Amino acid sequence: MNIAVVPAKNEQGRIGKVLDNLSDTAVDRIVVVLNGSRDGTLKEIKTQKLPKVEVLSFREPLGYDIPRAVGVYYALKKGAECVVFVDGDMTGNLLPAVNRLVDAVVSEKVDLAMTRIQPEMISENELARELYLFRRVLNERLGLYKKVGVAIPSHGPCAVSRRLMEKADIRDFAVPPVILAFAVKNDLRVEAPVEMHSRELGSKVRGFSHAKKIADTIIGDILEALAFFEGKPRKRILLQKEYQGYNPRRRFDLLERFIALYGRNFDFNPST
């Protein structure tokens with residue numbers, strides 16, 4: 001079974017198109033992890049009555065990427081062989097990308113299939129240049145740069161195998177670069193079979209403040225991934241600068257509660 005995990009918070013007016021698009025792909029089930037929404041996102045989902053879609057609803061916001069970890073745990077319980085992550089605001093035509101990612105995992109036995117996102121006007125954007133520099137440093141250290149460029153699982157659709165989901169700490173799916181480092185460290189297969197321009201994702205346009213926090217979140221995640229890969233204590237500080245971004249809002253406590261609740265009803269226990 002192939003499952004799409006779709007994190008969504010306040011995506012009314014967008015979630016319908018995302019789910020419509022995914023319904024035409026090679027996934028068998030679409031799991032929306034709805035967290036902390038205060039608009040009509042859930043109503044929009046219910047109105048569609050799409051047979052592939054089910055919703056895991058949380059009243060409180062789970063925080064950046066925690067819904068991925070929730071989705072992975074749930075998908076494992078459902079017997080998924082492949083999970084593909086698509087954000088709830090990505091309204092672009094992702095059918096070719098999603099199908100290619102799923103095929104890479106299912107048919108080609110790739111454990112982590114990522115998308116190479118081509119940025120828009122990176123030379124004119126200091127924030128984007130800094131982030132891409134860190135991404136390059138990570139992939140060079142992992143020995144991946146010549147093969148996947150600056151692709152990381154934080155940006156764009158990506159897919160993971162059951163083998164990776166079973167081997168990794170479920171909590172680390174909420175820190176995507178750590179999952180990349182884990183895959184390499186454990187000799188799992190990593191590829192980037194899809195290439196897209198960032199505008200093709202159809203993501204919601206947000207302001208500079210959000211972009212800065214996202215960049216700091218991902219850079220901090222990369223620093224954690226590098227420390228993990230080198231067998232050092234994980235940290236988010238470089239040259240006396242701390243990169244937190246949205247990291248403090250990640251509700252690992254709610255993830256643990258979810259795992260405890262569903263762990264009573266299923267045989268699988270996440271490795272730690």
query: Hey, among Ile117, Ile152, which residue is touching a Pro at 6+ places or on another chain (Cβ under 7 Å) and surrounded by 19 or more Cβ atoms within 10 Å (Cβ to Cβ)?
result: Ile152
- line: Per the filter on the stretch 200-231, residues of a type in the set (Lys, Arg) and modelled with pLDDT of 90 or more are Lys212, Lys213
- request: Hey, could you check the stretch 23-60 for residues that are in contact (Cβ under 8 Å) with a residue 40 or more places away in the chain and under 14 Å from Asn2 (Cβ atoms) and say which is nearest to the chain's Cα centre (by Cα)?
  value: Val31
message: Looking at the stretch 1-18, I want the residues that are small (Gly, Ala, Ser) and have a partner that is in a strand (DSSP E or B) with Cβ atoms under 6 Å, at least 6 apart or on another chain. Which pairs are those?
response: Ala4/Ile30; Ala4/Val84; Ala8/Val32; Ala8/Leu34
message: With the structure loaded, tell me whether Glu140 is touching a helix residue (DSSP H, G or I) at 6+ places or on another chain (Cβ under 8 Å), over 22 Å from Gly92 (Cβ atoms) and assigned to a helix (DSSP H, G or I) or whether it fails that test.
response: no
- request: Would you mind stating whether Glu195 is under 25 Å from Ser161 (Cβ atoms), part of a strand (DSSP E or B), in contact with a Leu (Cβ under 8 Å, 6 or more places away or on another chain) and charged (D, E, K, R)?
  value: no
message: Can you find, within the stretch 164-222, the residue that is surrounded by the most Cβ atoms within 10 Å (Cβ to Cβ) among those that are hydroxyl-bearing (Ser, Thr, Tyr) and out of contact with any strand residue (DSSP E or B) (no Cβ under 7 Å at 6 or more places or on another chain)?
response: Thr217
query: Quick check: anything in the stretch 227-237 surrounded by 14 or more Cβ atoms within 10 Å (Cβ to Cβ), hydrophobic (A, V, I, L, M, F, W, C) and touching a residue at least 40 places away in the same chain (Cβ under 8 Å)?
result: yes
- line: All conditions in (1) under 30 Å from Lys147 (Cα atoms); (2) surrounded by 15 or more Cβ atoms within 10 Å (Cβ to Cβ); (3) among the hydrophobic types (A, V, I, L, M, F, W, C) are true of Leu95 except (2)
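The values are calculated or read from the model by the stated rules, or taken from the named source; none is laboratory data. These numbers come from a predicted model, not from an experiment. For neighbour counting, all protein chains shown are included, and Cβ atoms are generated from backbone atoms with ideal geometry for every residue, glycine included.
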